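Here's the structure we're looking at; comments come further down.
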Amino acid sequence: MPWPTLKFTKNQVNKSGNILLRGTEDYKQVLWAIDVLDNWRSCHGYPINTFQSTLRQKLKAIDQKAIVAQRLKRVFSIYEKLKRFKSMQLARMQDIGGIRAVVSTLDNVRALETNYRNTRFNHELVAERDYITNPKSSGYRSVHLVYRYKNPIEPQYDGLFIELQIRSRLQHAWATAVETMGTFLDHALKSSEGPKMWLNFFSLTGSAFAHIEKTPPVPSYEDLTKEETFEAVIERAHSLEVRPKLVAYSVAAERVYADKKSGSYHLVILNPKEKTVNIRSYSQSNLDEASKEYSQAEQRIADGEGIQAVLVSAGSIKNLRRAYPNYFLDTREFIRGLGRIEKLLKKSANNGFTSEQ
């Protein structure tokens, strides 16, 4: 089966986004809008796939232990973004198709970023956001490069946007913990929505991790020294019982139900209440089927079922767990990060901070 191809114009794509955002009593229009969105989203599969092939080649010389993953943006996330940015049109949304590289160190983040900037590329770099030099107030840190796709072999996909995220393992651990805690609090902490005490904890921890990686602290914490930041993180982690909560949630990592089929794409369905993860795999030729079942799972979410779903490509199930640990409620890397902060504090109490991170 060939890759999904575009069936609708960009004007029709924008119209479908407006219908889904504003709502209508015309059921046929709603079904049409869903069909358009499904097709538009699934058509990003081919560009993402070619991008990840290039990314893996680049990483061979930079970080052979890097994690590469790709995903199609969830309908809920698309809807929320359209709602937040009133002037945005669906066809202009730049992260429908996303690919991520998680590398070992900050130096490797910069090496990969430099490689992309300095290498001739058919695709046009249309946006760049350095959330490491300029971290978000939430504590989020990563490098985002957005490309407009161009391929003379498959010109039908020209103009689609692909977002490349490059982050270190420590930055990835932070983002995973935010999403996992948000799942159980039933708040979009990732979008800076939810209890202030948790938002403040994660922004503060993001600043502590920035100190570890010797990058600028998170806004509003610039006046705190490294030691003061570390002390505040450990104090709040204890008061919020962060570790025992995250350890309890990670039980789901041991209850994974995967079908026996192999494939490049995986539909991951997390049931936080039951602490279970179900995975169904698909070959590249069955991406259309995968996209339809993804949409069905998202409809269950829209109908009120307490699950989360995402369609991703990350190779084996083992790599999938490494690339998307939040869907396995696995925050061990983040917990280790907190332990690292504690060790640095103890060392500071005895000898003062050194250049060692």
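The values are calculated or read from the model by the stated rules, or taken from the named source; none is laboratory data. Keep in mind the model is a prediction, meaning the values are calculated, not measured. So basically every Cβ, Gly included, is an ideal-geometry build from the backbone, and we count neighbours across all protein chains shown.
Can you work out which of the residues in segment 192-202 that are of a type outside the set (Lys, Arg), part of a helix (DSSP H, G or I) and surrounded by fewer than 23 Cβ atoms within 10 Å (Cβ to Cβ) is farthest from the chain's Cα centre (by Cα)?
Among those that are of a type outside the set (Lys, Arg), part of a helix (DSSP H, G or I) and surrounded by fewer than 23 Cβ atoms within 10 Å (Cβ to Cβ), it is Met197.
Return the pair list, or none, for Cβ contacts closer than 7 Å from residues in segment 291-308 that are closer than 23 Å to Lys275 by Cβ and in contact (Cβ under 8 Å) with a residue 60 or more places away in the chain to residues that are part of a loop (DSSP other than H, G, I, E, B) and of a type outside the set (Gly, Ala, Ser), at least 6 apart or on different chains.
Partner pairs satisfying both residue conditions: Glu298/Arg74; Ile301/Ile307.
Tyr46 versus (1) modelled with pLDDT of 90 or more; (2) exposed (fewer than 15 other Cβ atoms within 10 Å of the Cβ): which is the lone unmet condition?
Among (1) modelled with pLDDT of 90 or more; (2) exposed (fewer than 15 other Cβ atoms within 10 Å of the Cβ), Tyr46 violates only (2).
Out of (1) of a type in the set (Phe, Trp, Tyr); (2) in contact (Cβ under 8 Å) with a residue 24 or more places away in the chain; (3) in a helix (DSSP H, G or I), the odd one out for Trp3 is which?
Only one criterion in (1) of a type in the set (Phe, Trp, Tyr); (2) in contact (Cβ under 8 Å) with a residue 24 or more places away in the chain; (3) in a helix (DSSP H, G or I) is unmet by Trp3, namely (3).
Give Leu145, Leu189, Leu170 a once-over and let me know the one that is over 28 Å from Ser239 (Cβ atoms) and either modelled with pLDDT of 95 or more or crowded, with 18+ Cβ neighbours inside 10 Å (or both).
It is Leu145.
Take the residues of segment 83-133 that are assigned to a loop (DSSP other than H, G, I, E, B) and hydroxyl-bearing (Ser, Thr, Tyr): which is nearest to the chain's Cα centre (by Cα)?
Tyr131
Which of (1) in a helix (DSSP H, G or I); (2) within 30 Å of His44 (Cα to Cα) is the odd one out, the single condition Lys136 does not satisfy?
Of the numbered conditions (1) in a helix (DSSP H, G or I); (2) within 30 Å of His44 (Cα to Cα), the odd one out for Lys136 is (1).
So Phe76 passes all but one of these: (1) assigned to a loop (DSSP other than H, G, I, E, B); (2) within 26 Å of Trp198 (Cβ to Cβ). Which condition number does it fail?
Answer for Phe76: the failing condition is (1).
Which one is surrounded by the most Cβ atoms within 10 Å (Cβ to Cβ), of the residues in segment 203-224 that are in a helix (DSSP H, G or I) and in contact with a Pro (Cβ under 6 Å, 6 or more places away or on another chain)?
Going through the qualifying residues, I end up with Ser207.
Could you tell me how many of the residues in segment 139-173 are within 17 Å of the chain's Cα centre (by Cα) and assigned to a loop (DSSP other than H, G, I, E, B)?
So the answer is 4.
Could you list all residues from segment 218-231 that are touching a residue at least 24 places away in the same chain (Cβ under 8 Å), within 27 Å of the chain's Cα centre (by Cα) and at negative phi?
Matches in segment 218-231: Val218, Pro219, Thr229, Phe230.
Kindly evaluate Ser16 against the criterion of being in a helix (DSSP H, G or I) and at pLDDT 90 or above.
yes
Rundown of residues vs (1) in contact with an Asp or Glu (Cβ under 8 Å, 6 or more places away or on another chain); (2) closer than 16 Å to Arg92 by Cβ, yes/no style:
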{"residue": "Pro4", "(1), (2)": "yes, no"}
{"residue": "Thr9", "(1), (2)": "no, yes"}
{"residue": "Gln12", "(1), (2)": "no, yes"}
{"residue": "Ile19", "(1), (2)": "no, no"}
{"residue": "Arg22", "(1), (2)": "no, no"}
{"residue": "Tyr27", "(1), (2)": "no, no"}
{"residue": "Val36", "(1), (2)": "no, yes"}
{"residue": "Trp40", "(1), (2)": "no, yes"}
{"residue": "Leu55", "(1), (2)": "no, no"}
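On the given criteria, is Leu72 in contact with a His (Cβ under 9 Å, 6 or more places away or on another chain), under 19 Å from Asn286 (Cα atoms), at pLDDT below 95 and not aromatic (Phe, Trp, Tyr)?
yes
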